[in-house]
Each structure stands twice: as structure tokens, then as C-alpha cells.
Amino acid sequence: MSPSDLPPEKWSTDVYAAHVDRLLASPHHGEHWARHWLDVARYSDTKGYVYAREEKHWVHASTYRDWVVRALNEDMPYDRFLLLQIAADQVVQAKSPDLAAMGFLTLGRRFLGVTHDIIDDRIDVVMRGTQALTVSCARCHDHKFDPILTRDYYSLYSVFQSCAEALVACDEGFSIELDALVKKNRGLLTKRREEQMARTRAHAAAYIAAQRQLDKYPEEVFGQILEEKDLNPFIVHRWTAWLEKHPGIKITDEVLTRPDSPCFVPDEHIANIEMYFPTNVVVELWKSQAAVDRHLLQNKAAPAHSTVLLDRAVPSTARVFLRGNPLTKGEVVERRFPSLFGLRPAFTKGSGRLELAQAIIDPANPLTARVMANRLWQHHFGRGLVATPSDFGKQGSLPSHPELLDWLAAEFIRSGWSMKHMHRLIMLSRTYQQRSDKADPRDPDNRLFSRMTPHRLTFEEARDAWLTSSGRLNLSMGGRPLSLFASDNTRRTLYALVDRENLPAVMRTFDFANPDLSIPQRTETTVPQQALFGLNHPFIVQQARELTRRITSLSNPNERLRFIYERLFQREPTAVEAAQAVEFLQVKPSPLSRLNEHAKSWSYGHGGWDENAGRVREFKSLPHFNGSAWQGEETWPNASLGWAQLTAQGGHPGNDRLHAVIRRWTAPADGRYNLSSILIHEPEAGDGIRAFVSHSRLGKLMSTDLHHASARLDLSVITFRRGETLDFIVDIGDGLNSDQFLWTPILRSSQPSVTGGGGETSAEVWDAAKDFGEQPRTLLSPWEQLVQVLMLSNEFMFVD
């Protein structure tokens, strides 16, 4: 029996506790709570902006997400949960599924390969996520408010600087094709490393001479183009450091082949060593790595992989960057835990990353248990005992109930760091079981938790609830992400693609966490765009129609209404609600304004060009209109149709020649028409586009290849029969690269029409740009409108 089957006054302690236990045992418990941790972990399926040579999607993102879900469902002790996310490589065997945990460190933004920013991101996610300390504020100077020194920041910087990224398997699977790609990539990397080391040894004299002109070789270079004959500024400064460390050393071939020589290129992932190579080699190596990455991303049978950090053989000792500038180095610092916890011994085991994790999970650490206990409380009550869950410093809020927070932290540790124990403890408390409609005047802001605070569903919860109410929610767990509004995506929103560079606008509208940063708590805004989404987006319309379809077999309106209310609100409608619904259903909708007739002549699709036939092989409609463009899915580019898109002004062809974009005009009547248009391809990059104008009866009328240029595509007196079409087709050149174009055809009827009382005449005009905004409207039946309204009601959207 569930408490939902009984009125609240008849709940028994045993029945309620059993219900709590049932929810905690559900596999969907981990899915729900994983999303909260993924906000802290700045989870994204993509790297952010990267150069075209590099695969933009992380191969290990979904593996990490699924690991978090599994860990929470299994009630993994929180201390081990953190240990694995910081140092799994040092506590588990090779190919262990727990290696996936290290996505916590490696899923951040790529920062175009800028090492200082990547390390800063890792310091921030570890220290704010686990200790609620804003250590990154000490990157340029001692913390303005908290006892965190710049030395502390660079002690942690040295820990992560002593690590290298590596892509490793985290299951025992094997793929012949993958193995071949890995060996090919490995062989190429080894060959290029050896060539670069030989090149540096051959130019040793030049690198030594460059020490007298260091101003010509900037130490921090961004986007510099290097050729093989150039002296590499990065290697120049490696020589500088090496010569300072070995004054008066005799330069011999034997010395220059040692692993500690400035000629040596580490045997590491290209992400760690790209600065050693000329630009053309960097591009080649990244493309080779991208082939491996794409195989892992596109083949479901490929073994799971994780991007981990591995300790380098020789750890580095960082120096403080004065004012945060890597060009002005200060004192040397040892790798150790921040000094505000008391002076501790320096880390001595490799990079010190394992020792860092052990210091964080030490039961004597005063912050770890408190920070997580506060996060758990926050997500149950809407606000933590400390209202700034990732800042326990002086700029953060003081705890509203300090003794309670201390007790919860102690209980958390006593329970063996069991998160499910803490959930049960909180949910069985009298505080949690309070009503939300009885405010205490002594606590108007509910800072003292004198009542439960109503809260709106997050976007993920709302989308999942809409799918559940329509009966379409797919409860399968784990796996690769899908585009948020892909036609076949009815899975929980946890499994939707999170693209930090192109986050869907609707997710931002509903306060989704910024995947660029560690987000401890989401804002909760109320803006008009949220209502507009509910009223206009095809997803909501689809769910309303699906739920309405389920009542078509019920002839009695009261039965229909009861079914709808039970699906949406788990209760029957009141008499007043039933009367209001009947009244709503009887209202006849106002007629829509007449659609621009010319807009009906245009359609938007994709297909492949058949040169022999002079026509497209097949016209397939682009399925998604986002308000300003027709494309494959809500996100763009997307898995189904790639870059294919048509806008009012032009568009972009798909990823290959089978996916040309097609703007089709259909003749509304027999007659003769004139075409005027200018096709523009602006980018210098890439090799341009191909374009065709094709008549459904006459075939190809004209074509052009265009690169960084424009062309007039005009035709006069084209004869059409009613219903015949004219296609404006664009596909890629030899490769996909910068293929966006501008093309707004205008057709004019050769037969003038009378337009005014004075008898003046003008040609009828179809303007692709002006007609584009007039899109056909979809009408909902009265029952569908009722369901849509109820799906957007406060009772559905809020938990109280």
C-alpha cells in the first residue's frame, strides 16, 4: 500500500516508512538524484568550442553519467564515491567499471587546450564540489575573504599539473575494428614523436642560441602557426628550464636521448602533448584520435571507455604565478592540502592526487560530511541549512541551524557515509512531513523550515511528467544521449544530449544548470517564454494529443474527465472543476487569421541530387521548425540530419551529398513565371557549395559551384502547370566545411493582376524570405486544448 492511496490523515508511520523505502529501492532513485550531482560536476556530453580537427563530443560522458546513477542506486558510501571520482586509477584494477568515475575531473570545458584554465576548472570542481571552498579565487592573489593563500591554489595546481589525460577501457569488451583504429593511431603518434625528438636533437645548436633571444619566443602562445623548420617556442623554454637545472652540461647525443632531456616528447594522449608539434602534425594527430573517438561514439557495441588522469612518472613542482600571470613566476610550492586545514606534510606519492582524495574523505575533515549533508537537505527542502551550498566561506551564508548541520554530518559519518540512510532520516522527520499551506508569521521567509516550501518542477521533472501522463515515457536506463526533442526520444530527460556550446534554448528558459560551471543550486525564474513554450511547442502538443487519444474509447464526458485528472493529478476532478471543464469544452474557438496564401506555396526538405535525372532523388520534408529555421531536430546540428537547415535568408546543407537542402516552390496556377535570385557563399574556409535549380517536368534549369563568391541565378518566362514544382537545391562541395549560404529566390507571375480601383496592375510575387515566417498553424480539438491547459496548471507544475 502506498500513502498516495490514502488521505494524509490516515497515513500510518509504518505505511509511510514502507513507501519511503520503496522509493529508495527504485532504480529511478539514482536517476533523479544523479542529476543534482551532475550539476555540481558541470556535466556535458560535449567539450564546448573546439577546433574542427577535434571530435567535439566526449566519448566518456554517458559512461560517467551512468556510473553516478549506478553508484547512487547501490548506495555507494560517499567517501568511496568521492575517492573514485578523484583517484580511481590508483585504487581499482585496469578496465574496472569504476574508472568511469573520473569523468568528474575530465568532463569540463576543453578551453581550446589552454592547460592553465583546464587545471583551474579541475581545482574548482573538486574544492567547491566537495569542500564548498572557492579556492579558485586565490589564483591571482590571496583570497580576499577566506584564509586561502595563493600558495594553496598552486599547491593544488601542481597536483593536477603532474597528471596526464588518458583514454582507457572500463570494461572487458573487445572490438577488432576499434583495436585496429587504436593501433593505427598509436603507431602514428609514436612515429611523429620520434620524428619530433630527432628534429629537436638536430636543431640543438639553434635552440641553445635562442636562449640569447628569448623575447622572440613567447612562453605562452595561443593559436600560433608553426612549421617543421621553425623553432618551437614551447621547446625553446623547455631548453631554458633544462639548462638552468644542468648548468655547464656537455651536450651529447646520449644526453639528448634521455627522458629528462628537452628533446623528449612524452608518450601521452595528444591532448597533453600537442604543443610539441608543428601545426600540420597537430591537426593530423587530432584527426587520427578523432577517428577512434567517433568509433566509440557511433558503435553501441564498442567497449565503454573513460578519460582518466594518470600520474606522470616525474611529478612537477609548480611556482606561484604572480597576479595569475604564467609569465611572471614566483616562489616554488609543494603539493599539499590547503593550509587552512592546518599545516600538513607535503604529498609524496606521485602527483599527490590520491593523498588529496584521502584528505578530503578523512572523517576528521570538518567540511566534507557537512557539505554533502547540506546538499541532501537542500534538495529535499528547496534550500540548504547553509543557503550557499558551494561556499561555506565568509562570503557564504551562515547556517540557519548550525547544531542540526553538525548532527547530520556526524550521523552521515556514523552511518558509513550512507546517502540512502540520510534520505530516509530526512524524509521520516516531522519537519519534512509538514504541510505547505500553514505559514507561521514568525517565519515569513521559511528560513527556519516551519512549513514545507512549494517548488516548481525542474525542466527535467516537467518533461518526464508530461511524458508519463501521456503514457509515452520510456523507462530504459543508461546508454548514449539523444537529442532533447528528437522524434524518437521519449526517455527520461537525464538521457538527453547536453551540448555546452549549443544548449537548447528551452533548457536555458527553464533554468537548466550551466554546464560550463559547477552549479550548486539552480535559479527558479518565471518568465513569459516558459508559458509560450507550453502553449506553442510541438512537444507539449504531442503529449496533449497522445493523452487525448487514450480517451477516445470513452463516450461519457465525465469518464473522460476522470481519466484525464487521474493521469495528470492522481485524483478525480471536483464538482466545480468538472463544471468549468464542461464550460470550457463548449466554447467555440475564434477563427484564425487567414494564412498568407503565398506561404502555402513553399515547402522545405532534403534529399540527394541525381545528376542524370536533373532532379532530386526524393524530397523528404525537414521535420522540425524551431520558429526561425527548418531542420532535423530541436538541436542543430543533430544526429538525424546533421547540419541540414533552411532559414528565411538561406541555410546550410547536410553533412554529405545525400542530404542536400531543398527549398521547393509549387505553382499555384497554370502560367508563366520569372525567377530572380542571388546565391552567396561567404566563407573563405572549405571548398564551397553546389547549387541547382530544377523543374519537376523540365529537369535541371541551371547549376553552379560557388566558393567565397556570389552568383545571379535568374530565369525568365518559365512555364508551369498548376502543382508543378521548382526546387532550389544546395549541397556540399568535396567536403563538409563552412558551407552556409544565402539564397532568397523571388518568383513573379508574368500575367499582371489588377490591384487597385484605378485599374493599375502589378505582377504577383512569391518572396522566399518574406513568405518564410508564415508557417501553417495546427489546431487542437477542445479536448486537446483542455489537456494542454491542465498540463500547464500550477497543480501539475508545482510540488506542494
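The values are calculated or read from the model by the stated rules, or taken from the named source; none is laboratory data. Owing to the predicted nature of the structure, the values given are computational and were not obtained by experimental measurement. All Cβ positions, even for glycine, are placed from backbone atoms using ideal geometry, and neighbour counts span all protein chains on display. Each accessible area value is taken on the protein alone, full model and side chains, heavy atoms only, with ligands, DNA and RNA left out. Shrake-Rupley method; radii C 1.70, N 1.55, O 1.52, S 1.80 Å.
Taken over region 466-489, the criterion of being of a type in the set (A, V, I, L, M, F, W, C) and not in a loop (DSSP other than H, G, I, E, B) is satisfied by W466, L467, L482. Once region 684-694 is narrowed to residues that are on the phi < 0 side of the Ramachandran plot and not in a strand (DSSP E or B), the residue that is most open to solvent (accessible area, probe 1.4 Å) is E684. Taking region 628-641 as the range and being over 16 Å from N655 (Cβ atoms) and open to solvent by 60 Å² or more (accessible area, probe 1.4 Å) as the test, only S628 passes.
Within region 204-218, identify whether any single residue is over 30 Å from Y64 (Cα atoms), outside any helix (DSSP H, G or I) and under 35 Å from the mean Cα position of the chain (by Cα), and answer yes or no. Talk me through it step by step, then tell me what you get.
We begin by selecting, within region 204-218, every residue over 30 Å from Y64 (Cα atoms); these are 204-218.
Keeping just the survivors that are outside any helix (DSSP H, G or I) gives 217-218.
Then drop every residue that is not under 35 Å from the mean Cα position of the chain (by Cα), which leaves 218.
So far as region 204-218 goes, yes, one or more of its residues are over 30 Å from Y64 (Cα atoms), outside any helix (DSSP H, G or I) and under 35 Å from the mean Cα position of the chain (by Cα).
Here S703 does not qualify as in contact with a strand residue (DSSP E or B) (Cβ under 9 Å, 6 or more places away or on another chain), surrounded by 14 or more Cβ atoms within 10 Å (Cβ to Cβ), touching a residue at least 12 places away in the same chain (Cβ under 8 Å) and within 16 Å of A768 (Cβ to Cβ).
Within region 136-153, being in a loop (DSSP other than H, G, I, E, B), within 13 Å of D120 (Cα to Cα) and hydrophobic (A, V, I, L, M, F, W, C) holds for one residue alone: C140. Of the residues making up region 652-673, at least one is among the β-branched types (V, I, T) and touching a helix residue (DSSP H, G or I) at 6+ places or on another chain (Cβ under 6 Å). From the list G650, G671, the lone residue that is within 30 Å of Q751 (Cβ to Cβ) and at pLDDT below 95 is G671.
Would you check which residues across region 701-716 are part of a strand (DSSP E or B) and either out of contact with any Ser or Thr (no Cβ under 6 Å at 6 or more places or on another chain) or closer than 18 Å to H659 by Cα (or both) and list them?
L701, M702, S703, T704, D705, L706, A709, S710, R712, L715, S716
In the set (1) in contact with a helix residue (DSSP H, G or I) (Cβ under 9 Å, 6 or more places away or on another chain); (2) modelled with pLDDT under 95; (3) of a type in the set (A, V, I, L, M, F, W, C); (4) farther than 18 Å from H624 by Cβ, L484 fails one condition alone, (4). The number of residues in region 660-683 being under 26 Å from G723 (Cβ atoms) and open to solvent by 20 Å² or more (accessible area, probe 1.4 Å) comes to 8. Is it the case, given these coordinates, that A644 is of a type in the set (A, V, I, L, M, F, W, C), under 16 Å from F728 (Cβ atoms), surrounded by 14 or more Cβ atoms within 10 Å (Cβ to Cβ) and in contact with a strand residue (DSSP E or B) (Cβ under 9 Å, 6 or more places away or on another chain)? The answer is yes for A644.
One residue is enough: does region 729-737 have a residue meeting the conditions assigned to a loop (DSSP other than H, G, I, E, B) and without any contact (Cβ under 8 Å) to a residue 12 or more places away in the chain? No: zero hits. Only one of the listed residues (R748, R697) is basic (K, R) and surrounded by fewer than 16 Cβ atoms within 10 Å (Cβ to Cβ). That residue is R697.
Residue under question is V576, and the condition is that it be of a type in the set (V, I, T), at pLDDT below 95 and assigned to a helix (DSSP H, G or I); does it hold?
Taking the combined requirement at face value, the residue does not satisfy it.
Taken over region 607-625, the criterion of being outside any loop (DSSP other than H, G, I, E, B) and touching a residue at least 40 places away in the same chain (Cβ under 8 Å) is satisfied by G607, W609, R615, V616, H624, F625.
Restricting L547, L561, L535, L517 to those that are surrounded by fewer than 19 Cβ atoms within 10 Å (Cβ to Cβ) and at pLDDT 95 or above reduces the list to L517. Scanning region 122-145 for residues that are closer than 21 Å to N325 by Cα and open to solvent by 20 Å² or more (accessible area, probe 1.4 Å) yields D124, T134, S136, C137, R139, C140, H141, D142, H143, K144. For region 584-606, does any single residue satisfy the condition of being over 30 Å from E724 (Cα atoms), free of Cβ contacts under 8 Å to residues at least 60 places away in the same chain, within 37 Å of the chain's Cα centre (by Cα) and not in a helix (DSSP H, G or I)? No: zero hits. Here region 766-781 is the region considered, the condition is being loosely packed, with under 14 Cβ neighbours inside 10 Å, at pLDDT 60 or above and out of contact with any Ser or Thr (no Cβ under 8 Å at 6 or more places or on another chain), and the residue that is nearest to W602 (Cα to Cα) is G773.
For region 411-432, check the following and say yes or no: at least one residue is part of a loop (DSSP other than H, G, I, E, B), open to solvent by 60 Å² or more (accessible area, probe 1.4 Å) and among the polar types (S, T, N, Q). No, every residue in region 411-432 fails to be part of a loop (DSSP other than H, G, I, E, B), open to solvent by 60 Å² or more (accessible area, probe 1.4 Å) and among the polar types (S, T, N, Q). Scanning region 706-745 for residues that are open to solvent by 60 Å² or more (accessible area, probe 1.4 Å) and acidic (D, E) turns up D714, D734.
Across region 497-514, the number of residues qualifying as more than 11 Å from the chain's Cα centre (by Cα) and open to solvent by 20 Å² or more (accessible area, probe 1.4 Å) comes to 3. Inside region 564-592, residues that are more than 12 Å from S781 (Cα to Cα) and surrounded by fewer than 17 Cβ atoms within 10 Å (Cβ to Cβ) make up a count of 17. Candidates R238, R258, R192: the one that is under 29 Å from E334 (Cβ atoms), open to solvent by less than 70 Å² (accessible area, probe 1.4 Å) and of a type in the set (K, R) is R238. Of all the residues in region 269-308, those that are in contact with a Leu (Cβ under 6 Å, 6 or more places away or on another chain) and closer than 22 Å to A88 by Cβ number 6.
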